[in-house]
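Structure first, commentary second.
What follows is calculated from the coordinates using simple rules that are stated; it is not laboratory data. Everything numeric here is computed off the predicted structure, so don't read it as measured data. A quick note on method: Cβ atoms are made from the backbone with ideal geometry, for glycine too, and the neighbour counts reach across all protein chains shown.
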Amino acid sequence: MKLPKPHKKQLEVFKDDHRYKVLNWGRRSGKSTMAGLYTLIEAIKTQGRYFIVAPTYKQAKSIYWNEIIKTLVPKDIINKTHDTELTITLHHIEGEVKLPTGDTIKVKHDPNLPPSTIELKGADNPDSLRGVGLSGVVLDEYAFMKDAKEIWDKILRPALGDRKGWAIFISTPNGTHNVFHELVLRAMDDDDYFYSHATALDNPHFPEDEFEQAREETPEDEFMQEWMADFRSMTTAVYPRFSRNKHLIKPSEIPSEGTDIIGVDFGFSDPFAAVFVRIDKDQNWYIYDEIYEARMTTEQAINVLRDKMGDRHFARILGDSAAATELETFKKVYNLPIVGAKKGKDTIKAGIREINGKLKVREGTGKPKLFVGTNCGNTIREFEAYEYMTNVDAYGERVITETPEDKNNHAMDALRYPVLDHSRHRKQRVKPKRYYDPITGRVLS
């Protein structure tokens, strides 16, 4: 069979063996072709029934049927097609098959069982999804599906049960107030999921000059969300400048030398959060480690903190000054030199302003002043999920306040303490000593 060879990001999906995969892929990254090719190969490998579900039947037909499925599937393995129901039935297949991934597999379909089918569906007609057993399903543009969670929880997830079928959730972002964003956050932290992020730059078949033209012609927030698959709520994000492409850094790339600081946000029902920061000689900030765990006792938190600190010297350890009991326990009982972060009017606003300043990409270097290690998943998640509260005005319109929501903010608070502390010390100016001639009174120096 002659099938298109997957590009690097697509190949990662093919090679992964997780049952559930979540793909946060931007425009022109090759997601629809990948979804069609993946489903076809699975239908060849394992006899079964497979769905590709788009937000609407019309989208399923225009995107997948005409442009992908009918051109992708080799004619010699097609038993029949149904243009109204958007279904392709394969022949029973037997023998060695060389896959576009480079693997060769032996296939033997049971002639006593129905052959594999690939069916295109629209989430706008949930009844068309009911009452079937599935071997696999792709949910395309999941962020834009109406009643997406209900369709998954009540219809598609049970349909996969008998065969322990797989599922791929794939979409471009649609802000941070939807089920896809929640799923992405879960997939980043849950070992039961495979997570992937890709843009048009990962697709070698898409011209780079077209990508750059789109960058020039598209408003920045829209470009970052649609093309770069960068989660952001266009108006409510506290840190709209945060970008995985600009601010994430591999742990191996973080300088080994610098000034180390820790910020701590106490919690029990809420997570106990700590961020470990290294500041280099050029005043670049690197968040290189984190603690983020709920229901830890003070002793447990201290043990985890000390274990991560190791033998390294920390210039400053700062915690929430409102947590007086915890600060006193850390200092007097466990001999940890933690300091209460100074608070005052508009402290939160000031801290957010300082952090946003560090996130800004400098024209001279093309880089920001703050980086986050890819190992710090909770800090990354909060950078993307931390949002301002909204109210409804007298006209029924949503109004964004200047007060952040009290959630997704534990690592953000822990970071704000050292940022503000460092800012205060930087702004303090020590007045030079003046020496006077005791006779004339003139300033000597």
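Tabulated results
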| item | result |
| --- | --- |
| Stretchable slack from E217 to K308, in nm (0.36 nm times residue separation minus alpha-carbon distance) | 28.2 nm |
| Length gained when the stretch D127-K149 is fully extended (0.36 nm per residue, less Cα-Cα span) | 6.4 nm |
| Where labels lie 7 Å past Cα in the beta-carbon direction, separation of S321 and L113 in nm | 6.8 |
| DSSP bridge pairs, the chain: antiparallel proportion in percent, nearest 5 | 45 |
| Of K308/K343; K45/K250; K21/K360; K70/K146, pairs whose Cα-Cα distance is over 30 Å | K45/K250; K21/K360 |
| Sites K331 and D16, calculated FRET efficiency, Cβ-Cβ separation with R0 60 Å, nearest 0.05 | 0.80 |
| Simple label model, 7 Å out from Cα along Cβ direction - M389 to E405, nm | 1.2 |
| C-alpha long axis of helix 31-45 to longest principal axis of the chain, angle in ° | 50 |
| Among (1) 1.09; (2) 0.97; (3) 1.18, the entry derived from the coordinates for Rg/Rh (Cα atoms, Kirkwood Rh) | (1) |
| Long-range amide H partners of G340 with built H, under 5 Å | G319 |
| Student exercise, the chain dipole from Lys, Arg, Asp, Glu Cβ charges, in Debye to nearest 20 | 1240 |
| Karplus (6.51, -1.76, 1.60) ³J(HN,Hα), θ = phi - 60°, over segment 290-300, in Hz, Gly and Pro reported as x | 8, 10, 7, 8, 8, 6, 9, 6, 4, 5, 5 |
| Built amide H within the under 5 Å cut-off of D289, gap 5+ | F276 |
| Computed FRET value (nearest 0.05) for K342 with E299, which takes r as the C-beta separation and R₀ as 30 Å | 0.65 |
| Nearest-ten-degree value, helix 208-217 long axis tilted from longest Cα axis of the chain | 60 |
| Burial order of peptide ranges 298-304, 19-25, 406-412 (average beta-carbon count within 10 Å, highest first) | 19-25, 406-412, 298-304 |
| The chain: calculated mean residue ellipticity at 222 nm from DSSP helix runs of at least 4, using -39500 (n - 2.57) | -7500 deg cm²/dmol |
| Computed FRET value (nearest 0.05) for K70 with K281, which takes r as the C-beta separation and R₀ as 51 Å | 0.30 |
| Placed amide H near E141: partners under 5 Å, 5+ positions off or other chain | I170, S171, T172 |
